[in-house]
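A short write-up of the structure that comes next.
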Amino acid sequence: MSTPSPLAGNIGRGVVAGVAGTVVMTAFQELVEMPLTRRGDSYAPANLAEQVLPVDPSGPRERRRLNWATHIALGAMWGTAFAVAGRAGLHGQKAVNAVFATVYTGDVVLNTALGLYDPKSWSKRDLVVDIVDKYVQAQATGAVFDRTRP
């Protein structure tokens, strides 16, 4: 069994992996999911930021920037969850599933508590789209995190 890397190094790798996973998820959404579902852009990241941070974008362009910045920051957060899982000795599919279950559940609970989500009102298709998009992100983040292990 290998010695776990220092936590700071794990977190750094996790952030990089999380951003990479976000890029993969976004490409999947733009190139596969959204053309199939005909769903428009989501501003859920901006909605979250506006709810919990002292930010008030002055127009559509600024709100789009906030949305992208929050989208990437949330992806980095997924990566830090992989760092914690890696520190605990999880990697591969076990880490992907553990991180996905934990972070996805936390995401839904937090956004529901803030009044931003109402999962009871989601259609089955909306639920599947949300889960698949974020599972793609978890898979990509986990793959990058594992491939950058020392």
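The set of residues in segment 110-135 that are touching a helix residue (DSSP H, G or I) at 6+ places or on another chain (Cβ under 9 Å), in a helix (DSSP H, G or I) and aliphatic (A, V, I, L, M) comprises Leu110, Leu127, Val129, Ile131, Val132.
Checking the conditions here, which among Ala85, Ala76, Ala81 is without any contact (Cβ under 8 Å) to a residue 24 or more places away in the chain and in a helix (DSSP H, G or I)?
Numbers: Ala76 fails: without any contact (Cβ under 8 Å) to a residue 24 or more places away in the chain; Ala81 fails: without any contact (Cβ under 8 Å) to a residue 24 or more places away in the chain.
Just one listed residue meets the conditions, Ala85.
Summed over segment 10-32, residues that are loosely packed, with under 15 Cβ neighbours inside 10 Å and of a type outside the set (A, V, I, L, M, F, W, C) total 1.
Restricting to segment 111-150, name every residue that is basic (Lys, Arg) and closer than 22 Å to Phe28 by Cβ.
Of segment 111-150, the ones basic (Lys, Arg) are 120, 124-125, 134, 147, 149.
If the condition is that a residue be basic (Lys, Arg) and closer than 22 Å to Phe28 by Cβ, then Lys124, Arg125, Lys134, Arg147 are the ones that fit.
Out of Thr80, Thr112, one residue alone is more than 15 Å from the chain's Cα centre (by Cα) and of a type outside the set (A, V, I, L, M, F, W, C). It is Thr112.
Taking the numbered list (1) surrounded by 13 or more Cβ atoms within 10 Å (Cβ to Cβ); (2) without any contact (Cβ under 8 Å) to a residue 40 or more places away in the chain in turn, Leu48 passes all entries but (2). When residues in segment 88-109 are screened for being in a helix (DSSP H, G or I), surrounded by fewer than 19 Cβ atoms within 10 Å (Cβ to Cβ) and not acidic (Asp, Glu), 12 of them pass.
Taking Gly14, is it of a type outside the set (Ser, Thr, Tyr) and under 17 Å from the mean Cα position of the chain (by Cα)? Steps first, please.
Details: of a type outside the set (Ser, Thr, Tyr): yes; under 17 Å from the mean Cα position of the chain (by Cα): yes.
Spelling it out, Gly14 is indeed of a type outside the set (Ser, Thr, Tyr) and under 17 Å from the mean Cα position of the chain (by Cα).
Throughout, read-outs are computed from the coordinates displayed, never taken from laboratory work. Quick caveat: nothing in here was measured; it's all calculated off a predicted structure. Every residue, glycine as well, gets a Cβ built from its backbone with ideal geometry; the counts of neighbours run over all protein chains shown.
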